[in-house]
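Q: For reference, the structure I am asking about is given below.
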Amino acid sequence: MSSSSQEERGYGEEAKNKDIAYNEVLHDHDIAKVTTQDARHHAQLTEEELVMQKKLRRKIDTLIMPLVIMVYLMNYIDRNNYAAAKLQGLVKDLNLKGNEYELGLSILFVGYVLMQVPSNLLLNFSGRPSWYIGFFVIAWGLVSLLTSQVKTAGDIIACRFILGLVEAPFFAGVLFYLSKWYTKGELNLRMSIFYSGSLLSGAFGNLIAAGILSGLAGRNGLSAWQWLYIIEGSITIGIGIIIVFVLPDFPHTWKLLSPEMKHVANRRMAVDAADSDIDEAGGMSQIRGMKLAFLDPKTYVLAIMYHGTTGAAGFQNFFPTLTKTLGYSSTISLILVAPPYIFMVIWSLGHSIASDKFGNRFWFFVYPIPLVILGALLFMFVDNFGGRYFSLFLLVFVFATNGTIYAWIANAIPRPPAKRAAALAFVNSVGNAASIWTPFTYNDSQAPHYVTAMGINIALVGVAGIGACVLRWLLTRDNNRLERMANADATLTEADLAHLRKTAELEGIDIAAARQLQKSYRYMI
């Protein structure tokens, strides 16, 4: 028996003994709940490759998913501790006036948006996500820690801008990174589990803030909000160091994989995308990928959809302020933030499993929209505690769309990887641009109902829903074209031939090879 086989058998026994709840969910989900597109994918793998694929998937789930969830948890905690700090004396200590607090909130996303596309192109070009992502995790942890020492409004605004710059490479980078490891039938659940890190941060970040407020305020001459930044920034730095040394880069470079498992890892992704999922070396591949992304209308539709849902989710930056309108103390207000987030973590996982089981993205993106609209209306017009707190549970349904749209981006723009990286970064940057202007809609003068902000939230999810309808039409049209091209007896239209010529030109192949690419891929709608 080869050493690689012994290693895989040993690892299989070790993984079998690991009692990790979410890993069992992933394993069962992937084996038992196979979509139509997965069936097409599996049919092109041999029996031995299918067995190897199960081992590979468990290996990926056991190491990669816990790491990215842990980092995303700290990403949102470090970003959103600004909202918790508002209740802990930051505004008073820094003598913030007028809209300076909202400017500090907004400015983070200016830096965040500016760095999106360049950072993702560099990530795909570098080939070392562990070093690249790990470095920026350490950097934003350091910025967060040093924010504890700011003295003026200018200081906090500058720190927030820098925090946006160094946080930018992470999110779109991880979306692209996961799309290099998981097939389209596996992505929705994994991206929802990944996104659960942000929801958990909304719950536990505010619980941590409540504990600091009650236990560390005034300790060693520091305010509670300063301790918040020191503690959370230090934890993030430690996690960044772990990422540098532990996170694997890509399947074809992971040293713990045997040659056979590397082959299966690359082959299953190539079959899933109907093409190789490894870019050619050199900077031209990144430039071409960016060109392909910007020529694809689906990129813009997805960007508009994500802008709508991200803008409607802007209340998360004011969640402690919204719960404060319920009439309780600052500590209780922070605690009241947790239940809606915990509820949505559980709901979104079931939502994603169902989406993968039924092989559908459209309806799972659309159904939360009327619930969000109802939540906004209740918050605008209801005064009693029960109705207003229930409205927050409805508003958080906007987060259920996120795992779906992340997976939909990777499904709708599958290859080449450089195109996918540029598209993910562009969609994420346009989406997060909503966070630049939405903070100014939550004006304290409109408390406790924030009618303008909630009205805008209704309009934004409406726009996202319209975008989903347009995307569904585009993908249905493209699948019909793929069916015609896959049928050797079908007569191709002039539009089909033009599409093949364009694909051949951009991919650097002939017409016959371009038609062959169409045979095994269908977009998930």
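Q: Which whole-number value in Å² is the accessible area per residue of the stretch 288-524, probe 1.4 Å?
A: For the stretch 288-524, the solvent-accessible area averages 36 Å² per residue.
Q: Taking +1 at the Cβ of each Lys and Arg and -1 at the Cβ of each Asp and Glu, which of GLN88, MET191, LEU63 sits farthest along the dipole of the stretch 44-249 towards its positive end, judged by Cα position relative to the Cα centre?
A: About the Cα centre, the residue reaching furthest to the positive side is GLN88.
Q: Between LEU207 and ARG219, what is the label-point separation in nm under the 7 Å Cα-to-beta-carbon projection?
A: Here the answer is 1.9 nm between the modelled labels.
Q: Let me ask you something else. List, in order, the whole-Hz ³J(HN,Hα) value for each residue of the stretch 66-72 obtained from phi through the Karplus relation with A = 6.51, B = -1.76, C = 1.60 and θ = phi - 60°; use x for Gly and Pro.
A: Ordered by residue, 3J(HN,Hα) equals x, 5, 5, 5, 4, 5, 5 Hz.
Q: Further question on the same structure: Given a 1.4 angstrom probe, what's the average accessible area per residue across the stretch 44-249, in square angstrom?
A: Details: 6610 Å² over 206 residues.
On a per-residue basis, 32 Å².
Q: Still on this model: In whole Hz, what ³J(HN,Hα) sequence does the stretch 73-82 give by Karplus (6.51, -1.76, 1.60; θ = phi - 60°), x for Gly and Pro?
A: 4, 6, 4, 6, 5, 5, 6, 8, 5, 4
Q: If you average the alpha carbon positions of the stretch 44-90 and of the stretch 229-253, how far apart do those two centres end up, in angstrom?
A: Result: 12 Å between the Cα centres.
Q: Quick one: which of 245-257, 344-356 comes out on top by average Cβ neighbours within 10 Å, and what's the full order, highest first?
A: 344-356, 245-257
Q: Subtracting the Cα-Cα distance from 0.36 nm times the residue separation, let me have the gained length for CYS469 to LYS291 in nm, one decimal. Display every interim value, and only then the final one.
A: Numbers: separation 178, 0.36 × 178 = 64.08 nm, distance 2.52 nm.
The span from CYS469 to LYS291 would gain 61.6 nm if fully extended.
Q: Could you please state how large a percent of the accessible area of the stretch 44-249 is carbon and sulfur, counting protein chains only and using a 1.4 Å probe?
A: Answer for the stretch 44-249 is 70 percent, counting heavy atoms of protein chains only.
Q: I've got another one for you. For ALA447 and ALA459 in the same chain, what is the full-extension length gain: residue separation times 0.36 nm, less their Cα-Cα distance, in nm?
A: 2.3 nm
Q: Among THR401, ALA459, PHE318, pick out the residue whose Cα is farthest towards the positive end of the charge dipole of the stretch 288-524, where Lys and Arg carry +1 and Asp and Glu carry -1 on C-beta, about the Cα centre.
A: THR401
Q: With a 1.4 Å probe and every protein chain kept in, tell me what percent of the accessible surface of the stretch 288-524 is carbon plus sulfur.
A: The nonpolar share, carbon plus sulfur, comes to 67 percent.
Q: Please compute the contact order of the stretch 288-524 in relative form: average sequence separation of alpha-carbon pairs under 8 Å and at least six residues apart, divided by the residue count, as a percent.
A: 33 percent
Q: Sticking with this one: How much length is gained on full extension from LEU45 to VAL382, taking 0.36 nm per residue of separation minus their Cα-Cα distance? Let's see the in-between values first.
A: Values: separation 337, 0.36 × 337 = 121.32 nm, distance 5.64 nm.
Contour length minus Cα-Cα distance gives 115.7 nm.
Q: Determine the dipole magnitude for the stretch 288-524: charges of +1 sit on the beta-carbon of Lys and Arg, -1 on that of Asp and Glu, nothing else is charged, the reference point is the Cα centre, and the result goes in debye to the nearest 20. Mind showing how you got there, number by number?
A: Working: 19 positive and 12 negative charges, 84 e Å.
Result for the stretch 288-524 is approximately 400 debye, rounded to the nearest 20.
Q: So, with +1 on the Cβ of K and R and -1 on the Cβ of D and E, and no other charges, what is the size of the charge dipole of the stretch 121-194 about its Cα centre, to the nearest 20 debye?
A: It comes to approximately 120 debye.
Q: Right, something else. Along the Cα-to-Cβ line of LEU63, 7 Å from the Cα, sits a label point; which residues in the stretch 244-272 have backbone N less than 16 Å from it?
A: Residues 244-266 qualify, since their backbone N sits under 16 Å from the label point.
Q: Could you pull out every residue, at least 5 positions away or on a different chain, whose amide H is within less than 5 Å of the one on ARG361? Hs are placed 1.01 Å off N in the peptide plane, and Pro or chain starts have none.
A: ILE525
Q: So for the stretch 44-249, what percent of the C-alpha to C-alpha distances run longer than 21 Å?
A: So the pairs more than 21 Å apart make up 55 percent of the total in the stretch 44-249.
The values are calculated or read from the model by the stated rules, or taken from the named source; none is laboratory data. Being a predicted model, the structure only gives us computed values, none of them experimental. Cβ sites come from the backbone with ideal geometry, for glycine too, and all protein chains shown count toward neighbours. Quick note on the areas: whole protein, heavy atoms, side chains included, nothing else; ligands and nucleic acids left out. Shrake-Rupley method; radii C 1.70, N 1.55, O 1.52, S 1.80 Å.
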